[in-house]
Amino acid sequence: MSLFAYSLVAFILATAVATALFRDILSVIIVFGAYSLGMAILYTFLLAPDVAMTEAAIGAGVTTLLLLLTIARTTRPSTDRLRERIHLPAVVVVGAFVLLLCTAVLPEMYAVGGTKTPVWSNPDVTQHYITETYHETGVENAVTSVLAAYRGFDTFGEAVVVFAAGVSTLLVLKREVFA
């Protein structure tokens, strides 16, 4: 991997940690949007432009907008602290788990563009999507048809789930008061 990829992964990890540590809802939403954009750039770097477009549109665009509109409709209590206190035992446990995953999973990943990836090793599935996409969806571009037709409801469902989880969390924690 290149220096750019390592820098991008460091940025994604930093924004994920910042999202968990900030107490101010607006700050969390902004950092979460930056995290989603970082993920979209990473997907582009990994040669998955369809997933990158979905992440940019839904993760950084629609979800961030829905959460911002939600806090615009509510009143925010002032917080004295900017960040949550760090629970050190939890950080150690999560860090050990991430380290275990990295040592077990990363060596098993295929190289980007490698010919031994499952996409190339199973040409029947790949050929089916290339030849049958237009007949099944009416869209000429295979990537667009997979994104819009096959994964469209899935992507919309993900956005609804993230939005509902955010609103539910605010209601359960009683952090926001509806005007």
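The values are calculated or read from the model by the stated rules, or taken from the named source; none is laboratory data. What you see is a predicted model; the values in this text were computed from it and never measured. Glycine gets a Cβ as well: all are built from the backbone with ideal geometry, and neighbour counts include every protein chain shown. Please note that ligands, DNA and RNA were not included when accessible areas were found on the heavy atoms of the full protein model with its side chains. Shrake-Rupley method; radii C 1.70, N 1.55, O 1.52, S 1.80 Å.
Out of everything in the range 78-114 that is surrounded by 10 or more Cβ atoms within 10 Å (Cβ to Cβ) and touching a Lys or Arg at 6+ places or on another chain (Cβ under 9 Å), what residue ends up being modelled with the highest pLDDT? Here the answer is 110.
Scan 136, 140, 132 and give me the residue that is open to solvent by 80 Å² or more (accessible area, probe 1.4 Å), more than 20 Å from residue 48 (Cβ to Cβ) and assigned to a helix (DSSP H, G or I).
Values: 140 fails: assigned to a helix (DSSP H, G or I); 132 fails: open to solvent by 80 Å² or more (accessible area, probe 1.4 Å).
None of the others qualify; the one that does is 136.
Reported count of residues in the range 17-33, each being of a type in the set (A, V, I, L, M) and either on the phi > 0 side of the Ramachandran plot or surrounded by fewer than 18 Cβ atoms within 10 Å (Cβ to Cβ) (or both), is 5. Only one of the numbered conditions (1) over 16 Å from residue 5 (Cβ atoms); (2) hydroxyl-bearing (Ser, Thr, Tyr); (3) modelled with pLDDT of 85 or more is violated by residue 43, and that is (1). Hey, residue 117 hits all of (1) open to solvent by 70 Å² or more (accessible area, probe 1.4 Å); (2) modelled with pLDDT under 75; (3) among the polar types (S, T, N, Q) but one; which does it fall short on? For residue 117, the failing item is (1). Among the residues making up the range 120-129, those that are exposed (fewer than 11 other Cβ atoms within 10 Å of the Cβ) and modelled with pLDDT of 80 or more are 124, 127.
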